[in-house]
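Heads up, the thing below is written out as structure tokens.
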Amino acid sequence: MGQQRDDSIGADDTRLRGDASLLTLGEGRTPLIRSRFIGPQAGLPELYFKLETVNPTGSYKDRFAAAAINAMIRDGATRVIGSSSGNAGAALAAYSAAAGFDCEIAVVMDAPESKLKQMQAYGARLTKIDGFGSDADVTQRTMEFLRQLGGLPGAALQITAYRYCPVGMAGVEAISHELVEQASVAGRRFQHVFVCAGGGGLGLAVARGFASAVQRQALDRSPQIHCVQPAGNDTIAGALRGGESTARACRSTTAISGLQVANVIDGDDLIAACRTSGGTGFLVTDQRVYELQRMLARHEGIYCEPAAAVGLAGALQAVDEGRVDRDATVACLITGAGFKDQASIDRMVADQECPLLTLEQFQSKSRD
């Protein structure tokens with residue numbers, strides 16, 4: 001379509017509408033951007049990125065928080081109990097602040113400092129649990145305790161998983177509804193959608209969102225939903241790819257923040273949903289994820305955290321393996337912004353410097 005093409009498909013100022021009493025920070029209606037470099041270089045000209053990075057706190061988790069906190073407002077609850085590696089905690093903390101709620105978050109051991117500080121900036125109280133997120137037993141026992149806290153009067157457990165919070169997760173299904181609308185505006189239909197997975201809630205929300213679009217006849221069939229995980233946290237993708245019907249707990253060794261989820265959580269349901277759509281699972285290395293995080297910044301102008309590049313890693317692997325036709329229309333979810341994980345950005349720019357020069361030195365250098 002050339003340089004005159006509008007690469008922001010269906011991105012407009014539309015926000016949550018209807019009930020004026022709804023609490024919103026402007027979440028949703030995120031842009032869909034066509035790849036200018038990575039896709040064409042891979043021989044995949046119809047590769048698109050759904051930029052969830054532009055949500056109010058920098059990730060798709062704002063969709064969950066908006067639905068969850070509004071449900072609490074309706075129910076008269078005012079104390080948020082949650083768990084997070086960072087993004088869900090930041091979203092819940094922000095929407096809690098807007099609602100005037102108390103917010104307490106249990107965070108995983110390896111949560112990036114930048115994410116912790118974002119949660120604290122919104123006023124959330126944090127507790128880091130030893131082994132939480134990496135050890136399946138510790139994680140399970142922590143979740144059970146959080147469930148007890150969430151059952152106290154005036155409290156509500158808010159965890160981004162259908163197993164715990166189906167009302168909040170229903171808000172995430174809007175991603176699929178937007179993709180249907182945005183593709184339609186461009187005269188296209190997605191054949192494949194690649195989604196990163198930790199506990200599996202995001203992928204399940206995407207699959208359910210497309211299934212509901214088919215049910216209401218906005219689509220004739222769902223795209224294939226593919227689950228992509230770091231090889232060091234293979235709870236879902238390996239089982240899905242291997243033809244198994246159940247996910248499996250693991251000892252998480254990946255360094256990819258946000259995807260260090262050792263337990264099954266929504267994994268069984270995600271396997272079933274992906275398989276129904278015709279999708280499969282992909283496992284990618286941490287190093288490949290970091291490479292693509294850098295490529296997204298350098299060649300697409302997309303500043304994202306490592307987890308947000310995981311879906312893209314799966315898509316490129318699928319093309320290389322011949323599992324996706326090169327003329328297919330493919331979407332990858334870019335789930336969180338680069339400021340979420342400062343350590344990964346430091347690694348990305350470690351070979352660069354910003355020297356302090358006099359004006360004369362700068363003039364001389366620039367003339368060389």
Check your understanding: Does residue 265 satisfy the condition of being of a type outside the set (Gly, Ala, Ser), in contact (Cβ under 8 Å) with a residue 40 or more places away in the chain and on the phi > 0 side of the Ramachandran plot?
Key -> yes
Check your understanding: Given (1) under 18 Å from the mean Cα position of the chain (by Cα); (2) over 13 Å from residue 348 (Cβ atoms); (3) free of Cβ contacts under 8 Å to residues at least 40 places away in the same chain, where does residue 309 come up short, assuming only one miss?
Key -> (2)
**Study point:** Index of the failed condition, residue 136 passing every other in (1) farther than 14 Å from residue 68 by Cβ; (2) buried (at least 22 other Cβ atoms within 10 Å of the Cβ); (3) in contact (Cβ under 8 Å) with a residue 60 or more places away in the chain
**Key:** (2)
Check your understanding: Which of (1) farther than 18 Å from residue 259 by Cα; (2) buried (at least 24 other Cβ atoms within 10 Å of the Cβ); (3) of a type in the set (S, T, N, Q) is the odd one out, the single condition residue 148 does not satisfy?
Key -> (2)
Practice item. Could you pull out the residue among 350, 308, 343, 328 that is at pLDDT 95 or above and surrounded by fewer than 24 Cβ atoms within 10 Å (Cβ to Cβ)? Key: 328
Revision key, fill the gap. Segment 261-368: helices (runs of 4 or more DSSP H) wholly inside it with 1 or more residues that are in contact with a Phe, Trp or Tyr (Cβ under 8 Å, 6 or more places away or on another chain) are 267-277, 286-300, 310-320, 342-348
**Study point:** Residue that is at pLDDT below 95 and surrounded by fewer than 24 Cβ atoms within 10 Å (Cβ to Cβ), where the choices are 39, 10
**Key:** 10
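Can you pull out the residues in segment 316-334 that are out of contact with any Leu (no Cβ under 7 Å at 6 or more places or on another chain) and not polar (S, T, N, Q)?
316, 318, 320, 321, 322, 323, 324, 325, 327, 328, 333
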**Study point:** Given (1) modelled with pLDDT of 95 or more; (2) surrounded by 21 or more Cβ atoms within 10 Å (Cβ to Cβ), index of the condition residue 155 fails
**Key:** (2)
Practice item. Report yes if residue 43 is of a type outside the set (Ser, Thr, Tyr), assigned to a loop (DSSP other than H, G, I, E, B) and more than 20 Å from the chain's Cα centre (by Cα), otherwise no. Key: yes
Point to revise | The one condition in (1) crowded, with 20+ Cβ neighbours inside 10 Å; (2) modelled with pLDDT of 95 or more; (3) in contact with a Gly (Cβ under 6 Å, 6 or more places away or on another chain); (4) within 27 Å of residue 154 (Cβ to Cβ) that residue 61 fails to fulfil | key: (3)
Point to revise | Odd one out for residue 131, checked against (1) surrounded by fewer than 19 Cβ atoms within 10 Å (Cβ to Cβ); (2) touching a residue at least 40 places away in the same chain (Cβ under 8 Å); (3) at positive phi; (4) of a type outside the set (Lys, Arg) | key: (2)
Check your understanding: Using beta carbons and a limit of 7 Å, which pairs, at least six apart or on different chains, have the first residue in segment 346-367 and over 20 Å from residue 293 (Cβ atoms) and hydrophobic (A, V, I, L, M, F, W, C) and the second one surrounded by 10 or more Cβ atoms within 10 Å (Cβ to Cβ) and at pLDDT below 90?
Key -> 357/365
Review point. So which helices (runs of 4 or more DSSP H) are wholly in segment 155-245 and hold at least 2 residues that are in contact with a Lys or Arg (Cβ under 8 Å, 6 or more places away or on another chain) and more than 30 Å from residue 73 (Cβ to Cβ)?
Key: 237-241
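Here's the yes/no breakdown for (1) touching a helix residue (DSSP H, G or I) at 6+ places or on another chain (Cβ under 7 Å); (2) within 17 Å of residue 58 (Cα to Cα); (3) not aliphatic (A, V, I, L, M):
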| residue | (1), (2), (3) |
| --- | --- |
| 292 | yes, no, no |
| 303 | yes, yes, yes |
| 306 | yes, yes, yes |
| 319 | no, no, no |
| 330 | yes, no, no |
| 335 | yes, yes, yes |
| 345 | yes, yes, no |
| 352 | no, no, yes |
| 359 | no, no, no |
Exercise for review: Please state which of the following conditions residue 258 fails to meet, knowing it meets all the rest: (1) surrounded by fewer than 24 Cβ atoms within 10 Å (Cβ to Cβ); (2) at positive phi.
Suggested key: (1)
**Study point:** Verdict on residue 147 being of a type in the set (Lys, Arg), in contact (Cβ under 8 Å) with a residue 12 or more places away in the chain and more than 23 Å from residue 306 (Cα to Cα)
**Key:** yes
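The values are calculated or read from the model by the stated rules, or taken from the named source; none is laboratory data. Remember, predicted model here, so these are calculated numbers, not experimental data. For neighbour counting, all protein chains shown are included, and Cβ atoms are generated from backbone atoms with ideal geometry for every residue, glycine included.
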